[in-house]
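Participant: Mind looking over this structure? Questions follow.
The values are calculated or read from the model by the stated rules, or taken from the named source; none is laboratory data. Everything quoted here is computed from the prediction, not taken from an experiment. When we count neighbours, we look across all protein chains shown, and the Cβ atoms used for this are built from the backbone with ideal geometry, even at glycine. Protein only, heavy atoms only, side chains kept; ligands, DNA and RNA dropped before computing areas. Shrake-Rupley method; radii C 1.70, N 1.55, O 1.52, S 1.80 Å.
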Amino acid sequence: MQRSREAALVGVAGAVLASAAGAVVGLGIPAAVVGALNGAISGHRRIYEWRRPRGIVAFVLDSTWALPTTAAAVVSHGAGAVRGQPSFTPVLSERQNRHVYERGMVIRRGFAITYGNSVNGTGDTTVARRAKLVTDHEDVHVWQARWLGPLYPVLYGGWMLGGGAAGVPVWLWRRFVRRSDATLAKTIESCAYYLNPLEWWAYSRDDHWPPSGKVAGLGPATPIVPSFASLRRK
């Protein structure tokens, strides 16, 4: 009963906030639908930390400025369910301001991916490293999507396209001038994905920079921000 009450209340609140935000650009009704669905699903799963300011901020952003990425999260819930056994993970989701799936809607096998407030493809989160991937890496993307809102997919996707295109001349220069043995595919992946500032930020927070998949010597050698692990030790 308590879950149903929270689902109803958060669903209504989400619809009201989203409708007001969407009306600014003439999309009040579809925005309200997204806000209601996110609110109802998140309320039933008790996602938001209502007793802390960050939980309220997360809900307000998800229901207003970050509605485009919240819409992607709602789609991921449905797609993950259709694919079967998305394996929702309550221990990393409840009152954590995010939805976490061990499988869900995954694009690349072995890689977790975040859509708005929904983290997918984490794998076995009983393994410490996979749980840390959620708390110290993917959660950074959740909040990046919230703060940047509609700019997030534009900036992330734009870098991937530009970085992928830049990977070809970078490979040619490194291969024939620097005599590097890195493959073209690895160089393009490094430029398009690993060197993305949003990924540099997340990998740095995860105390995992430089990542093993990045071509050695390409891009910055040091983290952009302190890791969460180092901040906890302090």
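Participant: In Å², and per residue, what accessible area does the stretch 12-96 have when probed at 1.4 Å with the other protein chains present? Numbers along the way, then the final one.
Facilitator: Values: 4200 Å² over 85 residues.
Value returned for the stretch 12-96: 49 Å² of accessible area per residue.
Participant: Long-range amide H contacts for His208: which residues qualify at under 5 Å (H placed 1.01 Å from N, peptide plane, sequence gap of 5 or more or a different chain)?
Facilitator: Excluding prolines and chain starts, which carry no amide H, there are no hits.
Participant: If I compute solvent accessible area with a 1.4 Å probe over the protein chains, what percent of it on the chain is carbon and sulfur? Present the calculation step by step, with values, prior to reporting the outcome.
Facilitator: Details: 8030 of 11970 Å².
Roughly 67 percent, rounded to a whole number.
Participant: Which order do the peptides 67-79, 106-118, 216-228 take when ranked by the mean count of other beta-carbon atoms within 10 Å per residue, highest first?
Facilitator: Values: 67-79: 21.5, 106-118: 19.1, 216-228: 13.8.
Ranking the peptides 67-79, 106-118, 216-228 by packing returns 67-79, 106-118, 216-228.
Participant: Shifting gears a bit: Kyte-Doolittle cut-off -1.0, length cut-off 18 Å along the helix's own axis using Cα: show which whole DSSP H helices in the chain pass.
Facilitator: 2-23, 28-44, 67-83, 151-176
Participant: Now for a separate question. All other residues with a Cβ under 14 Å from the Cβ of Ile47 taken together, and with Lys, Arg as +1 and Asp, Glu as -1, what is their net charge?
Facilitator: Details: positive: Arg3, Arg45, Arg46, Arg51, Arg52, Arg54, Arg95, Arg98, Arg146; negative: Glu6, Glu49, Asp62, Glu94, Asp139.
With Lys, Arg at +1 and Asp, Glu at -1, the net is +4.
Participant: Name the most mobile residue of Tyr156, Tyr203, Tyr48, meaning the one with the largest mean-square fluctuation, in a Gaussian network model of the chain with Cα contacts below 10 Å.
Facilitator: Tyr156
Participant: Return the Rg/Rh value of the stretch 60-115, two decimal places, where both radii are evaluated on C-alpha atoms and Rh is the Kirkwood radius. Before the final figure, lay out the partial values.
Facilitator: Values: Rg = 11.6 Å, Rh = 11.9 Å.
Rg/Rh for the stretch 60-115 comes to 0.97.
Participant: Divide by every residue of the chain the summed helix terms, -39500 (n - 2.57) for each DSSP H run of at least 4, and state the resulting mean residue ellipticity at 222 nm, rounded to the nearest 500 deg cm²/dmol. Walk me through the numbers on the way to the answer.
Facilitator: On the way: 10 runs with 129 residues, N = 234.
One gets -17500 deg cm²/dmol as the mean residue ellipticity at 222 nm.
Participant: Something else: Net charge near Ser93, counting Lys/Arg +1 and Asp/Glu -1 over other residues with Cβ under 10 Å of its Cβ?
Facilitator: Working: positive: Arg45, Arg46, Arg95, Arg98; negative: Glu94.
Taking every Cβ under 10 Å from that of Ser93, the sum is +3.
Participant: Another question, then. Can you check what the Kirkwood hydrodynamic radius comes to for the stretch 106-234, Cα pairs only, in Å to one decimal?
Facilitator: 15.6
Participant: Still on this structure: What percentages, rounded to whole numbers, describe P(r) for the stretch 139-210 computed over all alpha carbon pairs with 5 Å bin width beginning at zero?
Facilitator: 3, 17, 22, 19, 17, 11, 6, 3, 1
Participant: Collect residues whose amide H, placed 1.01 Å from N in the peptide plane, falls under 5 Å from the amide H of Asn120; neighbours closer than 5 in sequence don't count.
Facilitator: Long-range HN contacts for Asn120: Tyr101, Ile113, Thr114, Tyr115.
Participant: Let me ask something additional. Less than 13 Å Cβ to Cβ from Ala182, Lys/Arg counted +1 and Asp/Glu -1: what total charge do the surrounding residues give?
Facilitator: It works out to a net charge of +4.
Participant: Based only on Cα atoms, what Rg/Rh ratio does the stretch 1-95 have, Rh being taken as Kirkwood's radius? Show your work: numbers first, answer last.
Facilitator: On the way: Rg = 13.0 Å, Rh = 13.4 Å.
We get a ratio of 0.98 for the stretch 1-95.
Participant: Further question on the same structure: What share of all Cα pairs of the stretch 163-205, in percent, falls into each consecutive 5 Å distance bin?
Facilitator: 6, 25, 27, 18, 14, 8, 1
Participant: State the dimensionless ratio Rg/Rh of the chain (Rg: radius of gyration of Cα atoms; Rh: Kirkwood radius). The partial results should precede the final answer.
Facilitator: Values: Rg = 19.1 Å, Rh = 18.8 Å.
In the chain, Rg relative to Rh is 1.02.
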